[in-house]
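The structure under discussion is supplied below as structure tokens; questions concerning it will follow.
Values quoted throughout were computed directly from the atomic coordinates according to the rules given, and no laboratory measurement underlies them. Here the structure is a predicted model, which is why all the values come from computation and not from measurement. For neighbour counting, all protein chains shown are included, and Cβ atoms are generated from backbone atoms with ideal geometry for every residue, glycine included.
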Amino acid sequence: MQHPRCDQSPTWALLQAQYQASGAAFDVRQAFATDATRFERWSFEAPELFVDLSKNRIDAPTLALLLQLARDCGLASQRASLFKGDPINLTEGRAVLHTALRAPAGSAPFSDEVQASLARMLAFAESVRADDGITDVVHIGIGGSDLGPAMVVQALQAFTDAGRRRLHFVSNVDGHDLAPVLQGLNANRTLFVIASKTFTTQETLANAEAAKAWFLAQGGTDVGRHFVATSSNTAAAQAFGIHTSFGFWDWVGGRYSLWSVIGLPIAIAIGADAFRELLAGAHDMDEHFAQAPLERNVPVLLGLLDVWYRNFHGFTSRSVAPYHQGLRRLPAYLQQLEMESNGKGVDREGQVLPYGTSPVVWGEAGTNGQHAYFQMLHQGTDVIPVEFIAVKTPHHGPHVQGALAERLQDQHRKLLANCLAQSQALMQGKTVEEALNEKAPTASASLGRLTVARHRSFPGNRPSTTILLAQLTPRSLGALIALYEHRVFVSGALWGINSFDQWGVELGKALCSSLLPRLSSGDVQGLDGSTAGLLKRVLG
Ligand code: F6P
């Protein structure tokens, strides 16, 4: 079924008018001053999560129009197509069924295959966990075959038996990634997992070949036992010399694949039961996305806010600030999820889009980001919506006891205070008058008081969202990741794009293949001036 693109809906012009009439001048401080219930009205529950939208530039009439826009674009029917397994990845003729990977047995397409694959992968993970002969697992993959597993294993560190086994992730073709990982490893006590959906990715194959050569040079004797693959191209894995492969299907996109056998390192790290909890948390969020009314559907609300900010306010970026050190790779993971999915310039019919799509997604763990780029968020010339992610109760691990436990608990209060203070400061700001009334101890004597006050004032009214988890567990992390997946689906559905292909990475890959031999031959014939000049420099 054809669904209208957001700008083809009559509601688009109404939203433009709404932006001109009140959206552009909307002041969150004013909104709180006139509505004592704003926090209650603009905060929402979803499985495992509480989401506060109240500090955003949004009001009820705007939301009503955005919801109408979603209906005009057939969001509910597009969502149904996703869950049903229609081939919504049009340019590759594929279904998009990551939700089926976490659905209970019998409740989604391909259930038998999914359950069998999951059981086999989890049994293997448990056998690795029980094998005291394996002290190190090196996972080699890139993009979707790296970012999800690496992020989740880091986030769930407290749930791993880290003392028994180390997990390493190698992704970059740069040997500076692999070399330090191999240092100090014992070949006969190491398991290599080669993760590549296609098993053709240059970086992954180069690292896998290098790892195999190292393994053999170190006296490694049994490639079959020490190398396994997670791939939908098991024939290529076999040609590499791998006997144990965990296959999956073309309807699992790379950036949506951590729920499949690509999650093997996660299962090795946290065990089968906890992996099932991760899936269950994601499934809970799938149910919420599939069933909750649009006006209380958290992925829908976040996706609509993304459209409002990107296409009407013109905000080109969004910053993610996880206030949990374990989530420090979440921004990198979200960069692929959001920017590879929605960084598109044509609609499903190939027509050039007259509006912006994916914002730049970026960020750092709090509080580190505060001491780096938050200056710009507070006083810079661009408005950048910020997404704070906070965890109520920390889980420092069983080795943290007694006085240390008390100290770290106190540090957690400091962490939360910082998180709340940042969103408060972004919204509140500080007027020049308020700054004038402050004592400015460091001001140079040559500067007038007003000048100093201007430097020390903040515009405020800078929007932010806060996502609160009770604890960071496999289940809550599963729900959080699925929330982001569905939010990306929502904005992509309204923009009328295919969120599930990634042709934008192909040109660079092709040019790299044709440049590679020139790095040996030095031949620069036919190259543009800059590339020829740089190549000569590199070789000179
Ligand atoms: O960067 C392009 C891409 O195709 C991603 O979408 C994918 O996650 C990554 O490369 C790795 O691909 P593969 O798993 O096939 O090695």
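Under the definition of Cα pairs under 8 Å and six or more residues apart, what whole-number percent is the relative contact order of the range 45-97?
With pairs under 8 Å counted, the relative contact order is 17 percent.
In the calculated pair distance distribution of the range 103-276, what percentage of Cα-Cα distances lie above 23 Å?
It works out to 34 percent of all Cα pairs.
Order of HIS412, HIS139 from fewest to most other C-beta atoms within 10 Å?
Final ranking by Cβ density, sparse to dense: HIS412, HIS139.
Please order SER514, SER22, SER476 by the number of other Cβ within 10 Å, starting at the fewest.
Ascending number of Cβ neighbours within 10 Å: SER514, SER22, SER476.
Express in whole angstrom the spacing between the alpha-carbon centres of the range 61-110 and the range 393-454.
42 Å
Which of the three applies to the range 242-292, rounded, prolate or oblate, going by the alpha-carbon gyration tensor with a ≥ b ≥ c and a/c under 1.5 meaning rounded?
oblate
If we sort 84-90, 520-526, 260-266 on the protection proxy, mean other Cβ atoms within 10 Å, highest first, what's the order?
Ranked from most to least packed, the peptides come out as 260-266, 84-90, 520-526.
Tell me, what is the percent relative contact order of the chain, built from C-alpha pairs under 8 Å that lie six or more residues apart?
Result for the chain is 20 percent.
So, counting K/R as plus one and D/E as minus one, what does the shell of residues with Cβ under 12 Å around LEU447 add up to?
Charge balance in the 12 Å sphere: +3.
Checking the cross-link filter: which aspartates and glutamates have an alpha carbon closer than 20 Å to that of LYS55, excluding same-chain neighbours under 8 positions apart?
LYS55 reaches ASP27, ASP35, GLU40, GLU45, GLU295, ASP306, ASP382, GLU387.
Would you mind finding the longest exposed-site-free stretch of the chain, with exposed GluC sites (Glu not before Pro) meaning DSSP loop and at most 16 other Cβ atoms within 10 Å?
Looking at the chain, 1-348 is the longest stretch - no exposed GluC sites (Glu not before Pro) with at most 16 other Cβ atoms within 10 Å.
Per DSSP H run of n ≥ 4, the term is -39500 (n - 2.57); total these for the chain, divide by its residue number, and report the mean residue ellipticity at 222 nm rounded to 500 deg cm²/dmol.
Only helices count here, giving -13500 deg cm²/dmol.
Could you pull out every whole DSSP H run in the chain that spans at least 27 Å of Cα extent along its own axis and averages -0.5 or higher on the Kyte-Doolittle scale?
272-291, 402-428, 474-495
Follow-up. Starting from the eigenvalues of the Cα gyration tensor, five times each then square-rooted, give me the equivalent ellipsoid semi-axes of the range 475-537, largest first, whole Å.
Calculated on Cα positions only, the semi-axes equal 42, 15, 9 Å.
Let's test the formula: R0 of 30 Å, r as the Cβ-Cβ distance of ALA239 and HIS176. What FRET efficiency results, to the nearest 0.05?
Approximately 0.60, to the nearest 0.05.
Follow-up question, since we're still on this one. Name the residues whose placed amide hydrogens come within less than 5 Å of the amide hydrogen of HIS139, ignoring near sequence neighbours (fewer than 5 apart) on the same chain.
Under 5 Å from the amide H of HIS139 lie the amide H atoms of HIS168, PHE169, VAL170, VAL193, each far enough along the sequence or on another chain.
OK, next. Compute the Rg to Rh ratio over the range 250-374 from the alpha carbon atoms, using the Kirkwood formula for Rh, and round to two decimal places.
Dividing the radius of gyration by the Kirkwood radius yields 1.00.
Here's another thing I want to ask about it. Counting only residues 5 or more places away or on other chains, whose amide H sits under 5 Å from the amide H of LYS430 once H atoms are built in the peptide plane?
Result for LYS430 returns PHE458, GLY460.
Once each part is reduced to its C-alpha centroid, what is the distance from the range 151-226 to the range 294-343 in angstrom?
31 Å
Which cross-chain or sequence-distant (5 or more) residues have an amide H under 5 Å from the amide H of ARG94, H modelled 1.01 Å from N in plane?
The answer is ASN89.
Need one word for the range 307-391: rounded, prolate or oblate. Basis is the Cα gyration tensor (sqrt eigenvalues a ≥ b ≥ c); a/c below 1.5 gives rounded, then a/b vs b/c decides.
Judged from the Cα gyration tensor, the range 307-391 comes out oblate (a/c at least 1.5, b/c at or above a/b).
What ranking do TRP495, TRP362 get, fewest neighbouring Cβ atoms within 10 angstrom at the top?
The most exposed by this proxy come first: TRP362, TRP495.
I'm a student and want to see the number: the projected area of the Cα convex hull of the chain, averaged over all directions, in nm².
For the Cα atoms of the chain, the hull's average projected area reads 30.8 nm².
Kindly work out what percent of the DSSP beta bridges joining two residues of the chain are antiparallel, to the nearest 5.
25 percent
What percentages make up the Cα-Cα pair-distance distribution of the range 1-145 when the bins are 5 Å wide from 0?
All Cα pairs considered, the percentages come to 2, 7, 10, 10, 12, 12, 12, 10, 9, 7, 5, 3, 1, 0.
I've got another one for you. Counting alpha carbon pairs within less than 8 Å and at least 6 residues apart, what relative contact order, in whole percent, applies to the range 103-276?
Relative contact order, the range 103-276: 31 percent.
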